[in-house]
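Nothing in this text is a laboratory measurement; each read-out follows from the coordinates by a stated rule. Computed from a prediction, not measured in an experiment: that's the story for all the values here. As a convention, Cβ positions derive from the backbone with ideal geometry for all residues, glycine included, and neighbour counts pool all protein chains shown.
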């Protein structure tokens, strides 16, 4: 069965006819995933980023035209999320986690060394267009700290030396192999298309969860530990609402104070707890 051609809308963008036709077909497929087509804006922004290497003026206009919203509404979303770039991005985004655990384990030192080595700061791109360097607020891989990601592929247990060697290989166009996940690193544009929801067929490549992640599971199996059966475990008592000084209910519901309440501890020395 031959698919019906997708009508190319009238556009204010500067995409040529072939690119516009491809974008329109892909954007139509994205919109069809959602009951409300406007819900497709996030993956559609990744889609235009896969063409331009960032969310360009033309990309914003295209999304607005396809979804029937204003360019200002699209821009508001594109400027909120850090995965959308508003200026040309490098072929590789090198993100260094400098959140708590990675920082403690040396993430700041990794970032500082890369920044000096590459001559760029956060969200800046090398002159050859190869690498955009970023500080990342958690790569969700604390058990491998410090972690560097290249286009969101994991490079675990990094040091300043291994990170700069990785960056040099990327700039030379050499293949690099992530610690886990895919067997190789694709380009920023290719990754943007995956994030738009178009499968590249590589989801099952490489190693999944590694030994540190699975340590708890391994110990549980060695000791034959299992989670309690919710159907047979004792019910948890309902929490008792407490008011001031830990007595049940509000002050209006408590009984009138007695002499024993008011006289407790009156003979104690300062700083001595009442018995």
When both residues are 6+ apart or on different chains and their Cβ atoms are under 6 Å apart, which pairs have a first residue that lies in the range 207-232 and is under 30 Å from residue 154 (Cα atoms), and a second that is surrounded by 10 or more Cβ atoms within 10 Å (Cβ to Cβ)?
207/180; 210/180; 212/143; 213/143
May I ask you to verify whether residue 90 is over 22 Å from residue 199 (Cβ atoms) and surrounded by fewer than 20 Cβ atoms within 10 Å (Cβ to Cβ)?
no
Among the residues of the range 91-101, how many are within 16 Å of the chain's Cα centre (by Cα) and closer than 13 Å to residue 150 by Cβ?
5
Qualifying residue in the range 102-110 (condition: touching a residue at least 12 places away in the same chain (Cβ under 8 Å), farther than 30 Å from residue 210 by Cα and under 19 Å from the mean Cα position of the chain (by Cα))
no
Which numbered condition trips up residue 95, out of (1) touching a helix residue (DSSP H, G or I) at 6+ places or on another chain (Cβ under 9 Å); (2) outside any helix (DSSP H, G or I)?
(1)
Within the range 110-223, which helices (runs of 4 or more DSSP H) (wholly inside it) include 1 or more residues that are closer than 29 Å to residue 87 by Cα?
160-171, 188-195
Sort out which residues of the range 118-140 are surrounded by fewer than 16 Cβ atoms within 10 Å (Cβ to Cβ) and more than 23 Å from the chain's Cα centre (by Cα), and write them in order of number.
119, 127, 128, 129
